[in-house]
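Data block below; observations after.
The values are calculated or read from the model by the stated rules, or taken from the named source; none is laboratory data. Not measured: the values here are computed from a predicted model. Counting neighbours? That spans all protein chains shown, and the Cβs are built from the backbone with ideal geometry, glycine included.
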Amino acid sequence: MGGTLVLPGQTVIPRGYGESMVLFSHEGCAVVIDGAPVGKDGRLYKIPAGKAIKVPFEVGRFLLDTQSFPFLDVVRVSEEETDSGITYDIELARAESADRRKIADDAAFNQYVQGAVEDFVKRNKPVPQPPAHILRIMKRTGYKLEDYGIHPIGWKTVENEKLQAVSQENEQLKQDMVEMKRKLDALLVDRVNDKKKG
């Protein structure tokens with residue numbers, strides 16, 4: 001008879017539906033996804049930075065549904081069928097990815113700042129070094145912890161650098177004063193000797 005048995009209430013998904021999708025990420029990521037089809041690297045899927053890549057549907061669904069670091073800027077690329085084939089809207093994906101990355105960066109940095117202020121600064125405790133992802137956010141965005149009154153252990157702050165520069169300048173001035181005093185003393189000795197001779 002050749003038909004497929006369908007139970008009452010069972011969802012029917014057409015064959016071939018949702019086999020793959022195209023993803024884009026500014027930063028790129030790599031993840032092992034249990035239950036995903038085995039690819040060239042097993043179940044390790046790599047989304048390269050700045051390049052659209054086709055992945056199995058289950059992998060794409062997992063990455064899009066998992067809104068946590070490091071998958072925050074992964075977006076689905078819009079595909080359009082044309083007479084010459086399928087085209088990808090990379091510019092739109094790039095803009096969406098950048099927007100998502102900015103929102104995620106702001107949220108993660110603000111959460112870190114709030115935690116550091118509440119747990120360390122307000123309690124007059126030394127602030128530990130920020131985690132690696134916060135350092136990357138700071139490098140990407142130009143945020144500075146000093147602007148929030150946070151000075152992690154071992155970090156040079158602008159104030160410390162200014163104090164160090166002033167201290168070096170004072171030390172140089174002291175050395176110059178000692179040298180000038182030595183020259184002045186030598187000049188006075190020469191004058192006294194000249195008066196004795198004359």
Given the conditions (1) under 20 Å from GLY142 (Cβ atoms); (2) among the hydroxyl-bearing types (Ser, Thr, Tyr); (3) modelled with pLDDT under 90, which single one is not true for SER68? (1)
Does any residue of segment 117-135 turn out to be touching a residue at least 12 places away in the same chain (Cβ under 8 Å), in contact with a helix residue (DSSP H, G or I) (Cβ under 6 Å, 6 or more places away or on another chain) and not in a loop (DSSP other than H, G, I, E, B)? yes
(1) β-branched (Val, Ile, Thr); (2) at pLDDT below 90; (3) closer than 30 Å to ILE153 by Cβ: which one isn't true of VAL113, the others all being true? (2)
Of the conditions (1) surrounded by fewer than 13 Cβ atoms within 10 Å (Cβ to Cβ); (2) within 11 Å of VAL22 (Cα to Cα), the single one that ILE90 does not satisfy is (1)
How many residues are touching a Gly at 6+ places or on another chain (Cβ under 8 Å) and part of a loop (DSSP other than H, G, I, E, B) when one looks only at segment 22-42? 2
Considering each residue of segment 152-198, count those that are in contact with a helix residue (DSSP H, G or I) (Cβ under 7 Å, 6 or more places away or on another chain) and at pLDDT 85 or above, and give that number. 1
